[in-house]
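Data block below; observations after.
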Amino acid sequence: MSENSSPATTKISTYLMMIVLIVLALSIVALMLSVNAFIIGNEIVAGYLLIIGFIAMAIAGYVLLQSRKRVASMRIEAPKVMTTVECRKCGFKSVRDFQRGDFIFKELEACQKCEDKMMITAIYKEVKEKEKTYPF
Ligand SMILES: [Zn+2]
């Protein structure tokens with residue numbers, strides 16, 4: 001389930017970056033044209049182009065800022081995978097972060113209490129309430 005969310009996020013941000021770059025390029029073109037129009041003496045056109053250029057630049061900056069924020073918040077809210085380790089003999093239970101190579105019924109190091117071997121009994125994704133209200 002976790003595999004299909006992260007590549008989509010990268011795709012969206014690459015797409016957004018392309019739009020931002022295009023808008024930025026257009027704003028630079030508009031500003032250059034504005035300078036050109038000003039030199040020619042067409043001050044009204046120069047003024048319009050200047051406004052268009054600045055608005056485009058502001059939009060690009062805003063989108064960039066928003067996408068950065070979203071990527072940052074997504075990283076924070078990414079669900080954590082937890083592993084429950086249980087001792088079959090005394091029932092001692094501990095929860096830790098998922099580690100590469102973990103699987104259910106895998107035998108681990110000795111129990112802290114009775115020194116019998118411990119076993120992974122559950123692997124699950126920690127779901128936060130916040131995610132449900134997330135607009136995306
Ligand atoms: Zn034990």
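The values are calculated or read from the model by the stated rules, or taken from the named source; none is laboratory data. This structure is a prediction, so every number in the text was calculated from the model and none was measured. Neighbour counts run over all protein chains shown; Cβ positions are idealised from the backbone, glycine included. When the accessible area is computed, the model is the full protein with side chains, heavy atoms only, and any ligands, DNA or RNA have been set aside. Shrake-Rupley method; radii C 1.70, N 1.55, O 1.52, S 1.80 Å.
Can you pull out the residues in the stretch 101-120 that are β-branched (Val, Ile, Thr) and open to solvent by 50 Å² or more (accessible area, probe 1.4 Å)?
Selection gives Ile104 alone.
Just the residues that are more than 16 Å from the ligand (Cβ to nearest atom) and on the phi > 0 side of the Ramachandran plot, please, taken from the stretch 92-119.
Answer for the stretch 92-119, where residues must be more than 16 Å from the ligand (Cβ to nearest atom) and on the phi > 0 side of the Ramachandran plot: Gly101, Phe105.
Just one of Lys80, Lys89 is loosely packed, with under 14 Cβ neighbours inside 10 Å and near the ligand (Cβ under 10 Å from one of its atoms); which is it?
None of the others qualify; the one that does is Lys89.
Just one of Ala46, Ala122 is part of a strand (DSSP E or B), more than 16 Å from the ligand (Cβ to nearest atom), among the small types (Gly, Ala, Ser) and modelled with pLDDT of 85 or more; which is it?
Ala122
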